[in-house]
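Novice: Please see the structure below; I have some questions.
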């Protein structure tokens, strides 16, 4: 249905005169008459009775009026749903219990008036395609040097997340106050759920190449609780965990979270967005991250080449 014709019908019904409706809509009276005639033809009824005193609604016109107003309201809601600043900012954070999620929680606590729609997309290529297509506004990703962003998409590194060594009380390194990557050589580091080609697998491949570590990605990832259960009882298994996620283990586990130093491996998180995205909350998020984010590229840290 021609919404301009419906809008014209509502204006004519409310003013009672085609000329007044034309003035309100900034069109000619001829245009008003043509739109009304087209609408009457489509509906196969007369909507107005023309009299010397103006235009009066017929019985059919009176029946159609509330529905015409509902159409106008639906049009306003439809436009508002996609108008920048009127809909929720949609951001992909990959994993809910992660540094990315912590960044978004901090943003929400600072700007609670901004409506957020937080989603999780497992595949980096799918997330970048969603940003390019406009189905999400932004994503937090590891943007490696070998990964090329789609045209019109840009990124900014917002957080270097330190990796800590997680071991059980019987592990040979359990008593260390800190460890170096060189001291980790020969120890089994278990990162379950590493799927070849995914972004964090690419990161660990580069970590292995740089320091000669033995990283085992065999087995599904059943969550941090299962990971901690295995490490707590092991004498030869350790893992690397990000500094941001809060790990709460039972008293009987007695796990040790040990800083890795000289250098400290960090996982670089970047915010990725489409350049032409005009959502004002996206600009607010970028400003917030720039102002509150931790420094990147700090001395004594390691990131893969090309990041």
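The values are calculated or read from the model by the stated rules, or taken from the named source; none is laboratory data. These numbers come from a predicted model, not from an experiment. Note: ideal-geometry Cβ built from the backbone for every residue, glycine included; neighbour counts use all protein chains shown.
Novice: Check residue 73 against each of (1) assigned to a loop (DSSP other than H, G, I, E, B); (2) at pLDDT 85 or above and name the one condition it does not meet.
Specialist: It fails just one condition, (1).
Novice: Here is a further query. If we keep just the residues of region 183-201 that are in a helix (DSSP H, G or I) and without any contact (Cβ under 8 Å) to a residue 24 or more places away in the chain, which is farthest from residue 128 (Cα to Cα)? Reasoning before the result, please.
Specialist: Narrowing region 183-201 to residues in a helix (DSSP H, G or I): 183-184, 199-201.
Restricting the remaining residues to those that are without any contact (Cβ under 8 Å) to a residue 24 or more places away in the chain gives 183, 201.
Details: 183: 37, 201: 17 Å.
The extreme case among them is 183.
Novice: Only one of 175, 193, 145 is at pLDDT 90 or above and more than 14 Å from the chain's Cα centre (by Cα); which?
Specialist: That would be 175, the only listed residue that is at pLDDT 90 or above and more than 14 Å from the chain's Cα centre (by Cα).
Novice: Any residue at all in region 103-116 that is touching a strand residue (DSSP E or B) at 6+ places or on another chain (Cβ under 8 Å) and free of Cβ contacts under 8 Å to residues at least 12 places away in the same chain?
Specialist: The answer is yes; a qualifying residue exists.
Novice: Turning to a different aspect of this structure: Condition test on residue 158, is it surrounded by 20 or more Cβ atoms within 10 Å (Cβ to Cβ) and either closer than 23 Å to residue 221 by Cα or within 24 Å of the chain's Cα centre (by Cα) (or both)? So that I can check it myself, show each step before the final result.
Specialist: Values: surrounded by 20 or more Cβ atoms within 10 Å (Cβ to Cβ): yes; either closer than 23 Å to residue 221 by Cα or within 24 Å of the chain's Cα centre (by Cα) (or both): yes.
When the stated conditions are applied, residue 158 passes them.
Novice: Now for a different question. Taking the condition of being under 44 Å from the mean Cα position of the chain (by Cα) and part of a loop (DSSP other than H, G, I, E, B), how many residues in region 9-45 meet it?
Specialist: Number satisfying all stated conditions: 2.
Novice: Taking the conditions exactly as written (surrounded by 15 or more Cβ atoms within 10 Å (Cβ to Cβ) and either touching a strand residue (DSSP E or B) at 6+ places or on another chain (Cβ under 7 Å) or in a strand (DSSP E or B) (or both)), does residue 68 satisfy them or not? Full working, then the answer.
Specialist: Values: surrounded by 15 or more Cβ atoms within 10 Å (Cβ to Cβ): yes; either touching a strand residue (DSSP E or B) at 6+ places or on another chain (Cβ under 7 Å) or in a strand (DSSP E or B) (or both): no.
Against the criterion (surrounded by 15 or more Cβ atoms within 10 Å (Cβ to Cβ) and either touching a strand residue (DSSP E or B) at 6+ places or on another chain (Cβ under 7 Å) or in a strand (DSSP E or B) (or both)), residue 68 does not qualify.
Novice: If you don't mind, another one. Please indicate, with yes or no, whether at least one residue in region 202-219 is exposed (fewer than 15 other Cβ atoms within 10 Å of the Cβ), touching a strand residue (DSSP E or B) at 6+ places or on another chain (Cβ under 7 Å) and assigned to a loop (DSSP other than H, G, I, E, B).
Specialist: No.
Novice: Something else now. Output the number of residues of region 155-174 satisfying the condition of being over 18 Å from residue 189 (Cβ atoms) and outside any strand (DSSP E or B). Can you show your working first?
Specialist: If we filter region 155-174 for residues that are over 18 Å from residue 189 (Cβ atoms), which is where we start, we get 155-160.
Filter once more, so that each one left must be outside any strand (DSSP E or B): none.
Within region 155-174, residues that are over 18 Å from residue 189 (Cβ atoms) and outside any strand (DSSP E or B) number 0.
Novice: Consider region 117-140. How many of its residues are over 18 Å from residue 283 (Cα atoms), outside any loop (DSSP other than H, G, I, E, B) and in contact (Cβ under 8 Å) with a residue 12 or more places away in the chain?
Specialist: The total comes to 6.
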